[in-house]
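**Student:** What follows is a structure written as structure tokens; I'll ask about it next.
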Ligand code: PMP
């Protein structure tokens with residue numbers, strides 16, 4: 001690749017971005033009392049140099065403060081996989097917040113029982129508890145796993161992401177040794193004290209790590225989705241389950257992103273049998289919610305322990321978790337929006353997206369690869385596709401990412417800032433996907449010359 005050409009193209013696109021978005025630029029520069037000038041520091045990660053400000057959003061479209069409307073394939077990095085403000089969720093939220101009243105009252109609502117039953121139907125785990133984020137679902141799942149196994153360490157895959165969970169910030173370093181993940185902010189202890197790490201798709205390393213006898217749980221995504229998509233090789237997930245059982249280690253599947261694989265995530269689609277399952281983001285249709293599900297065996301082991309404070313200050317729970325508003329939105333989302341039928345359509349569109357991307361890669365002869373997980377497809381700058389997080393990390397090219405993102409944004413397509421990922425929602429159309437592919441085609445054409 002001609003890096004000079006790439007740098008020139010980025011400058012050209014950034015200039016156009018700045019010209020097209022004066023109101024977003026000015027909103028950003030006026031936000032003097034926000035740390036990093038954004039309500040949340042991650043929002044500063046923008047290929048164009050400053051974030052686009054949200055004005056309105058509906059279905060698969062968002063409109064920014066400058067009046068530009070985008071085909072939204074970012075969908076709040078999965079938080080809006082149900083589409084923006086789907087009507088049943090709007091109604092349920094209005095009903096709860098406005099008509100009935102009471103967003104949060106430390107009192108359960110009947111909607112929650114429906115949600116628990118539906119999550120069981122989809123994911124198989126029979127007992128559910130709610131949080132407000134996937135991060136918290138993971139944190140609390142980890143605590144329960146430690147409590148019932150009496151073991152300290154959590155094993156994760158290298159370059160995983162499970163939210164801002166202390167235990168997960170560990171990677172396999174160049175020499176194969178475990179290292180604290182670069183950039184880890186104020187770690188409470190060296191992550192190697194709390195965690196072990198293996199590469200995805202590496203059963204040999206997993207077996208060796210578990211043989212130390214100090215691992216409470218393996219926390220993993222059934223396919224990595226936060227370092228590109230890395231799919232499991234045949235036999236890998238079965239091997240993980242066999243090894244975790246052999247070593248008395250609990251298996252936690254984090255389905256927060258892999259939920260794109262179907263109505264019950266990869267767990268249902270691939271017949272997986274985790275002891276604990278965590279999820280968040282999309283199930284609330286845009287309203288904050290997370291959840292963890294427990295097997296009967298884990299539930300019984302927790303309940304057998306009268307020394308665990310699950311009621312008050314024991315470290316599991318949150319005041320607003322399970323609040324009436326989140327639960328009403330989750331019920332509406334699962335009952336009416338992210339239904340089994342909706343997933344069938346989204347998966348078909350995901351396939352169209354992945355096939356179209358593969359065709360462009362071939363047409364332009366770029367050494368990239370694409371992976372699909374139901375409603376989600378992502379390309380990576382490596383061919384063949386990376387087999388694990390380390391390989392995928394090595395294939396990263398932030399400059400190229402920036403070019404493709406700002407190029408797309410300037411032409412009405414929004415991608416997730418952290419990914420070359422495109423995600424579809426029930427409202428996304430085939431024309432939307434085709435429009436995205438056209439823009440990608442043009443971006444690559446300019447790049448390769
Ligand atoms: N788990 C996975 C697999 C994720 O991708 C993310 C966020 N990208 C999280 C957990 C954390 O979600 P949240 O930031 O909403 O807590």
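**Student:** How many residues does region 3-35 hold that are surrounded by 12 or more Cβ atoms within 10 Å (Cβ to Cβ) and farther than 30 Å from residue 448 by Cβ?
**Tutor:** Number of matching residues: 8.
**Student:** Could you check, for region 125-132, whether at least one of its residues is within 16 Å of the ligand (Cβ to nearest atom), in a loop (DSSP other than H, G, I, E, B) and surrounded by 19 or more Cβ atoms within 10 Å (Cβ to Cβ)?
**Tutor:** Going residue by residue through region 125-132, those that are within 16 Å of the ligand (Cβ to nearest atom) are 129-132.
The next check asks that each one be in a loop (DSSP other than H, G, I, E, B); those that pass are 132.
Filter once more, keeping what is surrounded by 19 or more Cβ atoms within 10 Å (Cβ to Cβ): 132.
Yes, the conditions are met somewhere in region 125-132.
Yes/no matrix, rows are residues, columns are (1) within 16 Å of the ligand (Cβ to nearest atom); (2) part of a helix (DSSP H, G or I); (3) over 23 Å from the mean Cα position of the chain (by Cα); (4) touching a residue at least 12 places away in the same chain (Cβ under 8 Å):
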| residue | (1), (2), (3), (4) |
| --- | --- |
| 200 | yes, no, no, yes |
| 217 | yes, no, no, yes |
| 226 | yes, no, no, yes |
| 233 | no, no, no, yes |
| 252 | yes, no, no, yes |
| 260 | yes, yes, no, yes |
| 283 | yes, yes, no, yes |
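**Student:** Restricting attention to region 368-378, does a residue exist that is at pLDDT 95 or above, touching a strand residue (DSSP E or B) at 6+ places or on another chain (Cβ under 7 Å), assigned to a loop (DSSP other than H, G, I, E, B) and surrounded by 14 or more Cβ atoms within 10 Å (Cβ to Cβ)? Write out each step before concluding.
**Tutor:** Going residue by residue through region 368-378, those that are at pLDDT 95 or above are 368-378.
Remaining after also requiring touching a strand residue (DSSP E or B) at 6+ places or on another chain (Cβ under 7 Å): 368-371, 375-378.
Keeping just the survivors that are assigned to a loop (DSSP other than H, G, I, E, B) gives 368, 375.
After this cut, where a residue has to be surrounded by 14 or more Cβ atoms within 10 Å (Cβ to Cβ) as well, the list is 368, 375.
Yes: one or more hits.
Okay, residues lined up against (1) at pLDDT below 95; (2) more than 16 Å from the ligand (Cβ to nearest atom); (3) over 17 Å from residue 78 (Cα atoms); (4) buried (at least 18 other Cβ atoms within 10 Å of the Cβ):
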residue	(1), (2), (3), (4)
393	no, no, yes, no
424	no, yes, no, yes
440	no, yes, yes, yes
447	no, yes, yes, yes
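**Student:** Taking residue 122 and the conditions (1) within 16 Å of the ligand (Cβ to nearest atom); (2) more than 30 Å from residue 393 (Cβ to Cβ), which numbered condition does it fall short on, given that it satisfies the others?
**Tutor:** (1)
**Student:** Please go through region 285-318 and pick out each residue that is more than 11 Å from residue 130 (Cα to Cα), out of contact with any helix residue (DSSP H, G or I) (no Cβ under 6 Å at 6 or more places or on another chain) and in a loop (DSSP other than H, G, I, E, B).
**Tutor:** Residues satisfying the conditions are 286, 295, 304, 305, 306, 307, 309, 310, 311, 312, 313, 314.
**Student:** So which strands (runs of 3 or more DSSP E) are wholly in region 18-117 and hold at least 2 residues that are touching a helix residue (DSSP H, G or I) at 6+ places or on another chain (Cβ under 8 Å)?
**Tutor:** Values: elements: 54-58, 61-64, 69-72.
Here the list reads 69-72.
**Student:** Tell me which residues, restricted to region 287-307, are under 20 Å from residue 331 (Cβ atoms) and in contact with a strand residue (DSSP E or B) (Cβ under 7 Å, 6 or more places away or on another chain). Full working, then the answer.
**Tutor:** Going through region 287-307, the residues under 20 Å from residue 331 (Cβ atoms) turn out to be 287-293.
Answer for region 287-307, where residues must be under 20 Å from residue 331 (Cβ atoms) and in contact with a strand residue (DSSP E or B) (Cβ under 7 Å, 6 or more places away or on another chain): 289, 290, 291, 292, 293.
**Student:** Taking residue 163 as meeting all but one of (1) within 25 Å of residue 246 (Cβ to Cβ); (2) touching a helix residue (DSSP H, G or I) at 6+ places or on another chain (Cβ under 8 Å); (3) within 16 Å of the ligand (Cβ to nearest atom); (4) not in a strand (DSSP E or B), write down the number of the exception.
**Tutor:** Of (1) within 25 Å of residue 246 (Cβ to Cβ); (2) touching a helix residue (DSSP H, G or I) at 6+ places or on another chain (Cβ under 8 Å); (3) within 16 Å of the ligand (Cβ to nearest atom); (4) not in a strand (DSSP E or B), only one is false for residue 163: (1).
The values are calculated or read from the model by the stated rules, or taken from the named source; none is laboratory data. Values in this document were obtained by computation on a predicted structure and should not be read as measured data. When we count neighbours, we look across all protein chains shown, and the Cβ atoms used for this are built from the backbone with ideal geometry, even at glycine.
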